[in-house]
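Quick notes on the structure that follows.
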Amino acid sequence: MTGDSPYIAQMLECIEKIKEFTADVSQDKFARDDMRQSAVLMQLLLTGELSKRISSDTKSEIAIPWPQIAGMRNRVAHEYYEIDLENVWKIISEDLAATETPLAAYLAAHPLPPDPSSGQV
């Protein structure tokens, strides 16, 4: 087991993709763009799925709303056609930054292990 850092890094990658997908996009434009919505929802689903793999010990070190992150994954996966886009926009515009900062701090303190395929030790 390599610890939770790889999962945290993947969660941060998902957040970065959401930021890229929504850069310079208004809430109105997002609400009218099915493709952008699908891309963002997929990243939220992945973030929630990854959150379920994080150990309880690590979760206790990172002050973010773990149950809500997993819950959003469940809504996206099972209630896709009932997703509240205003809530999704709130996640994008307010909650992501508050989630990203503690995740990034954890990863800085617990860096990824070296990639054995890179040849570096």
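Computed from the coordinates by the stated procedures, all read-outs in this text should not be read as laboratory data. Predicted, not measured: the structure shown is a model, and the values here were computed from it. Note that each Cβ is placed from the backbone with ideal geometry, even for glycine, and that neighbours are counted across all protein chains shown.
Kindly indicate which of SER60, SER51 is within 30 Å of PRO113 (Cβ to Cβ), loosely packed, with under 13 Cβ neighbours inside 10 Å and of a type in the set (Ser, Thr, Tyr). Reasoning before the result, please.
Details: SER51 fails: loosely packed, with under 13 Cβ neighbours inside 10 Å.
Sole residue among the options that is within 30 Å of PRO113 (Cβ to Cβ), loosely packed, with under 13 Cβ neighbours inside 10 Å and of a type in the set (Ser, Thr, Tyr): SER60.
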Check your understanding: Which residues, counting only those in the range 37-57, are more than 17 Å from PRO6 (Cβ to Cβ), in contact with a helix residue (DSSP H, G or I) (Cβ under 6 Å, 6 or more places away or on another chain) and touching a residue at least 40 places away in the same chain (Cβ under 8 Å)?
Key -> VAL40, LEU41, LEU44
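For the range 9-27, which residues satisfy the criterion of being assigned to a helix (DSSP H, G or I) and free of Cβ contacts under 8 Å to residues at least 40 places away in the same chain? Give the steps one after another, and end with the answer.
Filtering the range 9-27 down to residues assigned to a helix (DSSP H, G or I) leaves 9-22, 27.
Within the range 9-27, GLU13, CYS14, GLU16, LYS17, GLU20, PHE21 qualify.
Counting just the residues of the range 28-46 that are of a type in the set (Lys, Arg) and assigned to a helix (DSSP H, G or I), which one comes out surrounded by the fewest Cβ atoms within 10 Å (Cβ to Cβ)? Working first, answer last.
At the first step, the residues of the range 28-46 found to be of a type in the set (Lys, Arg) are 29, 32, 36.
Filter once more, so that each one left must be assigned to a helix (DSSP H, G or I): 29, 36.
Numbers: LYS29: 11, ARG36: 15.
Across the range 28-46, the extreme among qualifying residues is LYS29.
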Exercise for review: Could you please tell me which pairs satisfy a Cβ distance under 8 Å, a separation of 6+ or placement on different chains, a first residue in the range 80-102 that is without any contact (Cβ under 8 Å) to a residue 40 or more places away in the chain and farther than 16 Å from TRP66 by Cα, and a second residue that is surrounded by 15 or more Cβ atoms within 10 Å (Cβ to Cβ) and among the charged types (D, E, K, R)?
Suggested key: GLU82/ARG75
